[in-house]
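To start, the structure under review is shown below, and the notes come after it.
Every read-out reported here was derived from the displayed coordinates using simple, explicitly stated rules and does not represent laboratory data. Just so it is clear, the structure is predicted and the values come from calculations on it, not from any experiment. Here the Cβ positions follow ideal geometry from the backbone for every residue, glycine too, while neighbour counts run over all protein chains shown.
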Amino acid sequence: MSFPKDFLYTKDHEWAQLSDNIVTIGITEHAQNSLGDIVYLELPEVDTNLNKGETFGLVESVKAASDLYSPITGRVIEVNKPLIEEPSELNHNPHSNGWLIKVEINNEAELNDLLTVADYEKLVNELA
Amino acid sequence: MLKKTALFEEHTKLNGKLVDFAGWNLPIQYTSVIDEHVTCRTKAGIFDVSHMGEFIVKGKYAKVFLNYLLTNDLSLISNGKAQYTLLCNRDGGIIDDLIVYQLLEDQFLIVVNASNIENDFAQFQKIYSENKTRWPEVEILNKSDQYTQIALQGPLAKEILQPLVNINLDEINPFCFVEKSALDIKNVIIARTGYTGSDGFELYLPWEGGPAVWQSILKSGTSSGLKPCGLASRDTLRIEMKYPLYGQEITLNTTPLEAGLVWTVKFNKEDFVGKDALIQQKSVGITKKLVGLELLQRGVPRTGYFIYSDSEEQNKIGYVTSGTHSPSLNTPIAIAYLDGEFTKLDSEVYIKVRNKLLPARVTKTPFYKKTKEQ
């Protein structure tokens, strides 16, 4: 299982990557692995304002449905539309092509609440 | 403490994702549900279904007793033939669905669902004890812990199994079986039955013979693309066929008429358990019926989701018993009970999928149809 070092993580098995004031959000390899074959995805529209902790979408696998929670507050500026047509890409490349949304943030301090790679790796290992 | 089948070590070796399935530690999947499903449809899959229960019923009056206990007509089968049938209570409610294999004129193998072994066995004994004087000396034995059951399913199942057995598999027709010495085992039942809708075989063998047979089939199938398949793909495969699963499509609160299984009820045979209630229901008519639904928008319907006749969520008309994303059709499908008036083909209804009402249409089943190549 891979844990990119330049990501921040949530307890809900999402990742966030900051670049300037833009945060890219996705689900982790552990998340896709637990869900199994992903067949359906719901993502917000561009310009949607998200609050930290708010549900912003849905991932459904053959086995289970799982809500997506925004790790930060901000405005959606880009949505990975091709992924909606090809949700299995989330199983194959959750940390790259399987990104979900890009959010413009206004309070970088919120990122301090997220887990570091070391914390997240520990969390996953405890679940195993 | 979860029970282990004889193949537990094999599943571990193959990295199966083991879960609690009706009290058994069984693989839900090995790699991917969709991949296993598609492999079973296009090549072949091998499943450990040893959790299923097996009863032996024998004696001079075994057949007449079973014909009273079960809804289908056993006089239609003979040695080497199998029959799908139902165990109903006096109200016509379904206690279980099962397969009867006629081993001999006076000896039967009955295969029941894992979760129902105790209930079924109790019903067999209860009905027998009420009729003992009519049909003396029928033995009912629960042999569930003594069998390994392996299902080999898929269009290539025959060519994978053929080199391992000294019988011509072409001679085993659907719903027929042979009991032979094969695969280094003195007595193995090779039946052309299954729960996937693809061609294939179910093998019944002594518990301890499991690992060797599992391994030799896997080895024989390597070049054909055979893969071990978990119970999740067994579920999506049977949903595509609208095969009922006990606890979902069929329960004590559903009858064979409602479940679309009236073909397994032979009203013209002599008395059987549930006959009066079912005749009564047949004359009055049913109020709900099991149908197939295809969703007209994306989403995944799941067990228990409610169904409405209108997009305002005013008129509840049914519920989903099983639903999934169909790997063969690449669309969402559901099996559902609907109130009578909405069950006509092409009727449009709305399924409440999470917080949305998604339009769906009553469609022909099975959802999956074999192509010629298969």
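Coupling constants for region B:144-155 follow from the phi torsions by the Karplus curve (6.51 cos²θ - 1.76 cosθ + 1.60, θ = phi - 60°), and in residue order they are 4, 7, 10, 10, 9, 10, 10, 9, 10, 10, x, x Hz; glycine and proline get x. Taking other Cβ atoms within 10 Å as a rough exposure proxy, A:9, B:350 sort from fewest to most as B:350, A:9.
A helix-only calculation puts chain B at -6000 deg cm²/dmol for mean residue ellipticity at 222 nm, using -39500 (n - 2.57) for each DSSP H run of at least four residues, averaged over all residues. One quarter of the convex hull surface built on the alpha carbon atoms of chain B amounts to 19.0 nm², the projected area averaged over directions. Couplings for region B:233-249, taken from phi via the Karplus curve 6.51 cos²θ - 1.76 cosθ + 1.60 with θ = phi - 60°, read 6, 4, 5, 5, 5, 6, 5, 4, 9, 6, 6, x, 10, 5, x, 10, 6 Hz in order; Gly and Pro are left as x.
Counting residues in region B:53-143 as N, plug N into 2.2 N^0.38 Å and put the Cα Rg over that result.
Working: Rg = 11.8 Å, N = 91, 2.2 N^0.38 = 12.2 Å.
In units of the globular-protein estimate, region B:53-143 measures up at 0.96.
Counts of other chain beta carbons within 10 angstrom of each beta carbon in peptide B:294-307 average 2. Exposure proxy for B:133, B:343, B:363: other Cβ atoms within 10 Å of each Cβ, ordered fewest to most, give B:133, B:363, B:343. Take each residue in B:320-329, count the other chain C-beta atoms within 10 Å of its C-beta, and the mean is 2.
Using Cβ counts within 10 Å as a stand-in for footprinting exposure, how do B:202, B:171, A:54 rank, fewest first?
In increasing order of surrounding Cβ atoms, one gets B:171, A:54, B:202.
Taken residue by residue and averaged, Cβ atoms of other chains lying within 10 Å of the Cβ of A:35-42 number 6.
For a quick check of your reading of the filter: which chymotrypsin sites (Phe, Trp or Tyr not before Pro) in region B:26-91 sit in a DSSP loop and have no more than 16 other Cβ atoms within 10 Å?
none
Calculate I(q)/I(0) for chain A by the Debye formula, one identical point scatterer on each C-alpha and no solvent, and give its log10 at q = 0.16, 0.17, 0.20 Å⁻¹ to two decimals. At q = 0.16, 0.17, 0.20 Å⁻¹ the computed log10 ratios are -0.72, -0.82, -1.16. Shown in residue order for region A:4-20 are the 3J(HN,Hα) couplings computed by the Karplus curve 6.51 cos²θ - 1.76 cosθ + 1.60 at θ = phi - 60°: x, 6, 8, 9, 9, 9, 10, 5, 8, 6, 10, 10, 9, 10, 8, 9, 6 Hz (x for Gly and Pro).
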